[in-house]
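Working notes for the structure below.
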Amino acid sequence: MPLFVNGQQVTYVPQDIMKFVSEYTDLAIASEKLRSLPSKEIRQDGNVLYVGQREFAAVSPDTENIDFIGTDDATTCHIFIIKHTGSGVVCLGHLDGCQTKKMICDMVKRTKKLSHGGPDGRMEVILVGGFLDDRALSKQLTLEVIRTLININDSLYLTVACFSDMNDMVRDGVHFPIIYGIAVEIKTGELFPATFNDKGPDANIRSAATFVFNEVREIFTDGFLRIGPFDWSPNHAIIQYVNAPDSVIRQV
């Protein structure tokens with residue numbers, strides 16, 4: 001079951017990303033609309049589920065105490081969202097190139113599971129993030145995501161694709177992303193650019209767990225944010241880095 005855009009099956013991995021987007025008028029219009037929206041600050045006192053790098057989570061309109069789900073600080077990273085049009089389930093992940101296929105497949109499975117028994121619908125995909133960075137890391141991740149979507153065993157419908165040129169601006173000769181963060185209001189399904197004043201709860205522990213294991217993780221199940229057990233050992237090389245000159249640190 002393939003990837004669809006504007007009702008058409010995508011059968012190839014594009015090398016020219018912007019040409020790919022321009023071939024689908026509705027996709028280009030939806031992406032431009034998202035890019036033109038003002039960014040909103042989401043405060044943690046508003047029942048927010050914040051998703052960090054290499055994390056993903058899924059919620060439904062029936063989930064208690066969660067009004068918004070979102071993430072930010074995405075530069076070359078990509079924000080990947082699945083919205084089920086029948087159940088209203090929203091699954092959001094922050095991709096950085098680590099286990100991209102696994103995260104996407106796990107997100108699809110979780111969306112299907114939470115939507116099971118609910119109203120019929122389809123899984124729509126929103127992909128935001130990346131820009132025209134010097135090392136082309138954004139493009140590599142974009143192509144990896146599209147390749148995964150084409151080969152996945154479920155029908156997915158790409159409705160917003162705000163990446164590459166679509167998410168790039170130049171300031172003083174330097175390229176920057178336009179959108180760094182996204183939030184989704186669970187009850188309405190509204191999607192908009194966002195920043196978050198708090199990346200918790202337990203942001204430091206979650207970040208440590210993520211990078212110690214070097215893998216993607218689902219953080220929210222059965223109404224609870226869960227951080228699994230993990231081991232950490234001091235890195236004695238840190239002392240060398242702290243005392244090293246800037247020229248050395250920049251090469252690490």
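The values are calculated or read from the model by the stated rules, or taken from the named source; none is laboratory data. What you see is a predicted model; the values in this text were computed from it and never measured. Please note: Cβ atoms are built from the backbone with ideal geometry, for glycine as well, and neighbour counts cover all protein chains shown. Remember, those area values only see protein heavy atoms, side chains included, never the ligands or the DNA or RNA. Shrake-Rupley method; radii C 1.70, N 1.55, O 1.52, S 1.80 Å.
Does the stretch 121-128 contain any residue that is surrounded by 21 or more Cβ atoms within 10 Å (Cβ to Cβ) and assigned to a helix (DSSP H, G or I)?
no
Has the stretch 160-180 got any residue that is closer than 29 Å to Y12 by Cβ and of a type in the set (K, R)?
The answer is no; no qualifying residue exists.
Across the stretch 139-161, what is the number of residues that are closer than 18 Å to F20 by Cβ, over 13 Å from the mean Cα position of the chain (by Cα) and touching a residue at least 12 places away in the same chain (Cβ under 8 Å)?
Start the filter on the stretch 139-161 by keeping residues that are closer than 18 Å to F20 by Cβ, which leaves 139-152, 156-161.
Add one more test, that the residue is over 13 Å from the mean Cα position of the chain (by Cα), and what stays is 139-140, 143-144, 146-152, 156-159.
Going one step further and asking which of them are touching a residue at least 12 places away in the same chain (Cβ under 8 Å), we end up with 139-140, 143-144, 146-150, 152, 156-159.
So the count comes out to 14.
With the structure loaded, tell me whether I227 is of a type outside the set (S, T, N, Q), assigned to a loop (DSSP other than H, G, I, E, B), open to solvent by less than 60 Å² (accessible area, probe 1.4 Å) and closer than 27 Å to L132 by Cβ or whether it fails that test. Step through it out loud before you land on a result.
Details: of a type outside the set (S, T, N, Q): yes; assigned to a loop (DSSP other than H, G, I, E, B): yes; open to solvent by less than 60 Å² (accessible area, probe 1.4 Å): yes; closer than 27 Å to L132 by Cβ: no.
Considered against the rule, which asks whether it is of a type outside the set (S, T, N, Q), assigned to a loop (DSSP other than H, G, I, E, B), open to solvent by less than 60 Å² (accessible area, probe 1.4 Å) and closer than 27 Å to L132 by Cβ, I227 comes out as no.
May I ask you to say which residue of G200, G189 is surrounded by 11 or more Cβ atoms within 10 Å (Cβ to Cβ) and either of a type in the set (A, V, I, L, M) or under 23 Å from G88 (Cα atoms) (or both)? Write out each step before concluding.
Numbers: G200 fails: either of a type in the set (A, V, I, L, M) or under 23 Å from G88 (Cα atoms) (or both).
Criteria check complete, one pass: G189.
Give R135, R147 a once-over and let me know the one that is at pLDDT below 95 and surrounded by 12 or more Cβ atoms within 10 Å (Cβ to Cβ). Walk me through how you get there before you give the answer.
Values: R135 fails: surrounded by 12 or more Cβ atoms within 10 Å (Cβ to Cβ).
Selected residue: R147, the only one of R135, R147 that is at pLDDT below 95 and surrounded by 12 or more Cβ atoms within 10 Å (Cβ to Cβ).
From (1) in contact with a Ser or Thr (Cβ under 7 Å, 6 or more places away or on another chain); (2) at pLDDT 90 or above, pick out the condition that doesn't hold for P61.
(1) is the only condition that P61 fails.
For the structure I just gave you, tell me whether I81 is within 16 Å of R110 (Cβ to Cβ) and crowded, with 20+ Cβ neighbours inside 10 Å.
Numbers: within 16 Å of R110 (Cβ to Cβ): yes; crowded, with 20+ Cβ neighbours inside 10 Å: yes.
Taking the combined requirement at face value, the residue satisfies it.
Quick one: in the stretch 165-190, of everything that is in contact with a Leu (Cβ under 7 Å, 6 or more places away or on another chain) and more than 26 Å from D67 (Cβ to Cβ), which residue is modelled with the highest pLDDT? Break it down stepwise before answering.
At the first step, the residues of the stretch 165-190 found to be in contact with a Leu (Cβ under 7 Å, 6 or more places away or on another chain) are 165, 168, 175, 182, 184.
Imposing the further condition that a residue be more than 26 Å from D67 (Cβ to Cβ) reduces the set to 165, 168, 175.
Values: D165: 87, D168: 92, H175: 95.
Taking the candidates together, the pick is H175.
Okay, residues lined up against (1) open to solvent by less than 20 Å² (accessible area, probe 1.4 Å); (2) within 21 Å of I205 (Cα to Cα); (3) part of a strand (DSSP E or B):
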| residue | (1), (2), (3) |
| --- | --- |
| G52 | yes, yes, no |
| A58 | yes, yes, yes |
| P61 | no, no, no |
| E64 | no, no, no |
| A74 | yes, yes, no |
| G88 | no, no, no |
| C91 | yes, no, yes |
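Within the stretch 170-186, which residues are in a strand (DSSP E or B) and either open to solvent by less than 70 Å² (accessible area, probe 1.4 Å) or among the β-branched types (V, I, T) (or both)? Lay out the reasoning, then the answer.
Quick first cut of the stretch 170-186, residues in a strand (DSSP E or B) only: 170-171, 174-177, 182-185.
Answer for the stretch 170-186, where residues must be in a strand (DSSP E or B) and either open to solvent by less than 70 Å² (accessible area, probe 1.4 Å) or among the β-branched types (V, I, T) (or both): V170, V174, H175, F176, P177, I182, A183, V184, E185.
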